[in-house]
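Just so you know, all these numbers are worked out from the coordinates, no wet-lab data involved. In this text the structure is predicted, and so the values were computed from the model without any measurement. Every residue, glycine as well, gets a Cβ built from its backbone with ideal geometry; the counts of neighbours run over all protein chains shown.
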C-alpha cells in the first residue's frame, strides 16, 4: 500500500514540476532549474553519509564502547541480508536515531547517547531495524529524487519573482495564471515531498518490524521516546531533521503541520496491526 502511495506521490510531484514549472519560467527556465537542482542533489546523494554525519556532529562508535549495539546491528543486518553498516554516536541526550547512505554497501546508522541509555534491548532492536529498513528500501535515493524536483520548483519560483520585478510578467490571463503558479508551485512541491517522506516512514516501520521479527519493540520504543523528544530538543541543522526516526525539532503549530514525520501515535497504531 505505502509503496503504491509513494509511486503515486512521485508521479504527482513530476506533474506539478512540469506543468507549474513551465507556467512559471517556460521551457528554457524549466530545463535550467532542473539541471541546477540535479547537480546539487547528485552531490548530496553521492556523499549523503559524510554530509549527514558532519551535520549531526556524529562520531564513529567502537565495538568496545557499545558491544550491545554492535550485537544488535550485526544480527539484524544478517537477517535483512545486508552488509553491516558503519555505526556512529550522535552527541545528544534526546533519544533518536537515523540512517544514511546511498545503498546498503555504503550505509551508516547513528544512535544518540540518549537512546542508548533510554531503551532496552528489544526496543533498541526495533529502532535499528527501522533504520536498516530505510537503507534496504533505498529511501535516500527516493528522497533525493523528490528533493531534486522540489528544489528545482523553489528555484523556478525565485527566478519567476525576479523576472516579474524586471518586467517579465505575462499580460492578461496568462499573467494571472503565472502568478498563481508562482505562489502555489513551491507549496505544492513541499506538501507532496512531505507526504512522500511520511509514506516512507510507515513503510520503514513495517519492514523494520519484519526484520526485527516483531513490531512490539519499535512500538514500545516510539511510545517511550515521544515525550522525551518533545521535552528535549536537539541542536541539529533543519536540513537533517527528516533523517531521524522522530522529528528532533519543534512539532508545534505550523512546524507540526509541515512535519516530514507522521504522528507518532498513528505509527504505533499501525505497527500494532503488522503481521510478521
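Structure above, values below:
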quantity: Added length on full extension, which subtracts the Cα-Cα distance from 0.36 nm per residue, residue 190 to residue 39; calculated: 52.4 nm
quantity: Residue-span extension gain [residue 210 to residue 71] - 0.36 nm each, minus C-alpha spacing; calculated: 48.2 nm
quantity: Label-point separation in nm, residue 238 to residue 183, each point 7 Å along Cα→Cβ; calculated: 2.2 nm
quantity: Point-to-point label distance, residue 230-residue 121, nm (Cα→Cβ direction, 7 Å offset); calculated: 3.1 nm
